[in-house]
Amino acid sequence: MKGRTYQRTPGRGHPWTIVYDAHDGPTGARRRVSKGGFGTRKDAEAALSKALADAQVGIYAARPAQVTLGEFLEGEWLAVQASRGLRPATLAQYRSVVQHWIVPHIGSVPLARLTLKAVQGLYDSLRASGSTLGRGGLSARSVQLTATVLRMALEHAVRGGLIPRNPADLVGRPRVAHREMAAWTNTETRQFLAATAGDRLAGAWRIFLTLGPRRGEVAGLRWADLDLDAGRARFVHTLVVVDGKAVESTPKTAAGRRSVPLDPVTVAGLRARLVCQSTEREAAGPIWTETGYVFTREDGQAYHPDFYSNRFDALAKAAGLRPIRLHDARHTAATGLLEDGTPTKVAAELLGHASPTITATLYQHVLPGMTESAVARRAAALDDARA
């Protein structure tokens, strides 16, 4: 079931209108419905979500016993999620989980007859045989993601009066074993930066390893987000992968949209990148595409986010370093900040965590050493003063 919002006459009265498909009772025939008079886009989106949910109830009232879980997920629930204005990457993730992990295993089960046993069987099958993507058994984290999506979808069905209770609530949440974080030492980090000083993405590697941003934040960094004179960068745009393609987006949370300071070496590297890009723009001539991104190919196009990961792996191997993922560069920066005595709250702001509690929980292996160092420094200060 599809729907959309649009603005008729901007700036006048209540300009927002919703349009969606509904069903005409028992016949099942679709009809287009249009309703106006909403003052803001948010009001219109809320009304659209409710209208789609109400229309959904009509479908099931007409033929509740025949509707399968797959029909509900693909034909109804995903459409409602699309109307909520979710980030493209989030919506793509929901769609992939539904189409590749849930529907192939239990999609043919009638929604009204879905049981605890069927849900548990889904999780067991995914662990053993995986999905339609050709993988083996899925990781515990992927099974947990599947459980989260299925629980949300079935909760939506409960709220709409389509099923009396959520069978996914009766199944224990799949557990994810704690994965030990990998991080380079300061010596290894210096070795990598020295080995990649002449690389096209040298400035990006330094940002990754000193500030710990996410991959999409560096890929989506634009010149308009930088103030090199003041030595600051804003992470307000991201470039993420949706269905294999690079898509422009924004940070997930308000904390992710942040301004951070840049050290003089990083600023110098970015100025060099600006000069290099200007030279490439002139050399490329008519094939140059002005995208505004800081890190681009010779024709001005942004690098695909996956390129950063693949390039990082290759450079680390060439430098003779123990392999870590590009995301572990974020852990490297975070660990280094905390070990250097940076307050947890400050580290959280730099990393874009919503709360210092998240930072402390993720990097609790670093904090015990910090407290010992803090006590030692405090004692030394008191002893020096007494002397």
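The values are calculated or read from the model by the stated rules, or taken from the named source; none is laboratory data. Only a predicted model underlies this, so the values are computations on that prediction, with no experimental measurement involved. Every residue, glycine as well, gets a Cβ built from its backbone with ideal geometry; the counts of neighbours run over all protein chains shown. Areas reflect the complete protein model, heavy atoms only, side chains present, ligands, DNA and RNA absent. Shrake-Rupley method; radii C 1.70, N 1.55, O 1.52, S 1.80 Å.
Mind listing just one residue for me: the one in region 221-280 that is more than 20 Å from Ala302 (Cβ to Cβ), β-branched (Val, Ile, Thr) and open to solvent by 30 Å² or more (accessible area, probe 1.4 Å) and, of those, farthest from the chain's Cα centre (by Cα)?
Among those that are more than 20 Å from Ala302 (Cβ to Cβ), β-branched (Val, Ile, Thr) and open to solvent by 30 Å² or more (accessible area, probe 1.4 Å), it is Val265.
Within region 154-164, take every residue that is touching a residue at least 40 places away in the same chain (Cβ under 8 Å) and open to solvent by 40 Å² or more (accessible area, probe 1.4 Å) and give me the one that is nearest to the chain's Cα centre (by Cα). Spell out how you get there, then give the answer.
Taking region 154-164 first, the residues touching a residue at least 40 places away in the same chain (Cβ under 8 Å) are 154, 156-157, 159-163.
Then drop every residue that is not open to solvent by 40 Å² or more (accessible area, probe 1.4 Å), which leaves 159, 161.
Details: Arg159: 27, Gly161: 31 Å.
Filtering first and then ranking leaves Arg159.
When only residues in region 165-189 that are modelled with pLDDT under 90 and not hydrophobic (A, V, I, L, M, F, W, C) count, which is most open to solvent (accessible area, probe 1.4 Å)?
Filtering region 165-189 for residues that are modelled with pLDDT under 90 and not hydrophobic (A, V, I, L, M, F, W, C), the one most open to solvent (accessible area, probe 1.4 Å) comes out as Arg175.
Six or more apart or on different chains, Cβ under 7 Å: which pairs go from a residue in region 300-319 that's closer than 14 Å to Glu188 by Cβ to one that's open to solvent by 80 Å² or more (accessible area, probe 1.4 Å) and assigned to a loop (DSSP other than H, G, I, E, B)? Could you list them?
Pairs found: Ala316/Pro323; Lys317/Pro323.
Search region 286-316 for residues being open to solvent by 40 Å² or more (accessible area, probe 1.4 Å) and part of a helix (DSSP H, G or I), and hand back the single one that is farthest from Phe192 (Cα to Cα).
The extreme case among them is Pro286.
Can you work out which of the residues in region 217-232 that are in contact with a helix residue (DSSP H, G or I) (Cβ under 6 Å, 6 or more places away or on another chain) and not β-branched (Val, Ile, Thr) is farthest from Leu262 (Cα to Cα)?
Going through the qualifying residues, I end up with Ala219.
Let me spell it out: the conditions are (1) surrounded by 11 or more Cβ atoms within 10 Å (Cβ to Cβ); (2) without any contact (Cβ under 8 Å) to a residue 24 or more places away in the chain, and Leu338 meets all of them except one. Which number is the exception?
It fails just one condition, (2).
Among the candidates Ala82, Ala128, Ala65, single out the residue that is among the aliphatic types (A, V, I, L, M), at pLDDT below 85, part of a helix (DSSP H, G or I) and open to solvent by 30 Å² or more (accessible area, probe 1.4 Å).
Just one listed residue meets the conditions, Ala82.
If you scan region 348-366, which residues turn out to be assigned to a helix (DSSP H, G or I), out of contact with any strand residue (DSSP E or B) (no Cβ under 9 Å at 6 or more places or on another chain) and open to solvent by 40 Å² or more (accessible area, probe 1.4 Å)?
Pro356, Thr357, Ile358, Thr361, Leu362
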